[in-house]
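Everything on this sheet refers to the single structure shown next.
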Amino acid sequence: MNGPSLALRQRSLGDPSAEFPLFPPLTRGCPKTSTDEIAYPLEVVYDYAKVDRELFAQEPGPDLARWSPLLPPLDAPTLGEGGTPLVRVGDVYVKDESRNPTWSHKDRLNRVAVSAAVAAGAPGVVVASSGNHGASAAAYAARAGLRAIVLTSAQSPPAVQAFVRAYGAKVVSMPGEKRWPLLREVVERLGYHPVSNQTVTHTGHPFGPEGYKTIAYEVFLQLGEVPAAVFVPTGYAELLYGVWKGFAELRLLGLTEKAPRMFSCETAAGGPHAKALAAGAPAAIVELGPTDAYSLAGTVGGHRGVAAVRDSGGEAVLVTDEEMRRAQRELGRAGLWQELSGAAGLAGHRRLRRDFDGPVVCIATSSGFKDAGVGGERHPVIENPTLDDLTS
């Protein structure tokens, strides 16, 4: 059923007529349509006429290679990413991406992005990341026999930094604004493959969202239908766009007649995509206020998130830390422990308080172990516990 990649080329999201060869991945945005104010991302185009519809007769499971015709070439070995459960929580379904190998959705992106590094013959990968992305890139690089350099912010949780180092990565903690010039120097002088953004507005790796498409494929098979709405924790919006593209492809292939409305769920402390959508702009940059949702805490947006929300008829939703904490507690009571940022999808749905004509899916992105301060709280020791202590 699986077969070789049917990927053909890259094209700009700023102007679909601007096309480029599939390799090398254009990691600094579209060279034809980008300006000093906005960098347009690229996406991958496939030979959809050759896709065997029986591809979607399989059961969803681990290893993205099961979707290889609709992905760029997978030259990096799998760690068993994908095949995550869809869990009913009250009136919504939660797609629990914390079940991936490094406990976050980023494993889908890095299986594809590290494959590009292998194909390029790069000696390693370099990433600027405060947590999930760095850990995932380090793990997939290690599995592929590549070195990894992770430039992390000084505020990154120590436990997360230890997690990244466990994969043998070179981890450097530094002021956040100094990471990008050093990342570019690593790319230019050492030949490492970048899996982080390098542009004025976010473009990231053009292959990355292709890995996220597989979430849509799995949800479609797990539900037996396309959901009415999908709520997605949104930082740079690669996840949001990837999930949207996956559903759009299902419609293009004639497997469904509809696609869901996509809702970006950003921290109210920033929200560049919400700002861009409100202004009718292709992307935006904002000032960032204080938030504990560090995985979503960014000042820079990109055109992918704007395109996904706009083209799907969705909306941007801003959620506060307290709303994310309430959603985090609700998920915990359902047996799902999520990082604060990972609960933003459910928080967005709870904030909107809207009924939909069909199932609603909230993406939950990352394990609660990734939260800042986890393990630091001390609880008193009860020397002679009684039943009253157990039931109070």
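The values are calculated or read from the model by the stated rules, or taken from the named source; none is laboratory data. Quick caveat, the model's predicted, so the values are computed rather than measured. Heads up, the Cβs are rebuilt from the backbone with ideal geometry, glycines too, and the neighbour counts pull from every protein chain shown.
Looking at V374, V381, which one is surrounded by fewer than 22 Cβ atoms within 10 Å (Cβ to Cβ), modelled with pLDDT under 95 and closer than 25 Å to T84 by Cβ?
Working: V381 fails: closer than 25 Å to T84 by Cβ.
Within the list V374, V381, the selection yields V374.
Cβ separations smaller than 6 Å between residues 6+ apart or across chains give the following pairs from segment 246-263 residues that are surrounded by 15 or more Cβ atoms within 10 Å (Cβ to Cβ) to residues that are hydroxyl-bearing (S, T, Y): G246/Y217; L250/T256; R261/S312; M262/S312. Look at segment 38-66: where a residue is more than 16 Å from G246 (Cβ to Cβ) and touching a residue at least 12 places away in the same chain (Cβ under 8 Å) and a partner is exposed (fewer than 13 other Cβ atoms within 10 Å of the Cβ) and among the aliphatic types (A, V, I, L, M), sitting 6+ places away or on another chain with Cβ atoms under 8 Å, you get D52/M1; E54/M1; A57/M1. Of the residues making up segment 1-27, those that are surrounded by fewer than 18 Cβ atoms within 10 Å (Cβ to Cβ), of a type in the set (D, E, K, R) and either under 21 Å from the mean Cα position of the chain (by Cα) or farther than 17 Å from A120 by Cβ (or both) are D15, E19.
Comparison of G29, G14 shows that the only residue that is in a loop (DSSP other than H, G, I, E, B), touching a helix residue (DSSP H, G or I) at 6+ places or on another chain (Cβ under 8 Å) and in contact (Cβ under 8 Å) with a residue 40 or more places away in the chain is G14. Every condition in (1) crowded, with 24+ Cβ neighbours inside 10 Å; (2) among the hydrophobic types (A, V, I, L, M, F, W, C); (3) free of Cβ contacts under 8 Å to residues at least 40 places away in the same chain is met by V286 except one, and the failing one is (1).
Take the residues in segment 129-152 that are in contact (Cβ under 8 Å) with a residue 60 or more places away in the chain and closer than 18 Å to A372 by Cβ; name whichever of them is surrounded by the most Cβ atoms within 10 Å (Cβ to Cβ). Spell out the reasoning first.
Keep residues of segment 129-152 that are in contact (Cβ under 8 Å) with a residue 60 or more places away in the chain, which gives 129-133, 139-140, 143-144.
Next, only the ones that are closer than 18 Å to A372 by Cβ stay: 129-133.
Details: S129: 24, S130: 25, G131: 27, N132: 31, H133: 29.
So, considering only residues that are in contact (Cβ under 8 Å) with a residue 60 or more places away in the chain and closer than 18 Å to A372 by Cβ, the one surrounded by the most Cβ atoms within 10 Å (Cβ to Cβ) is N132.
Checking the structure you have, find out if any residue of segment 218-225 is in the same structural domain as P41 (by TED's automatic domain parsing), buried (at least 24 other Cβ atoms within 10 Å of the Cβ) and either small (G, A, S) or free of Cβ contacts under 8 Å to residues at least 60 places away in the same chain (or both). No, because not a single residue in segment 218-225 is in the same structural domain as P41 (by TED's automatic domain parsing), buried (at least 24 other Cβ atoms within 10 Å of the Cβ) and either small (G, A, S) or free of Cβ contacts under 8 Å to residues at least 60 places away in the same chain (or both). Scanning segment 335-346 for any residue that is part of a loop (DSSP other than H, G, I, E, B), in the same structural domain as A228 (by TED's automatic domain parsing) and crowded, with 24+ Cβ neighbours inside 10 Å turns up at least one such residue.
Pick from L318, L331: which is part of a strand (DSSP E or B) and over 21 Å from F247 (Cα atoms)? Explain how you work it out, then say what you get.
Numbers: L331 fails: part of a strand (DSSP E or B).
Matching residue, one of L318, L331: L318.
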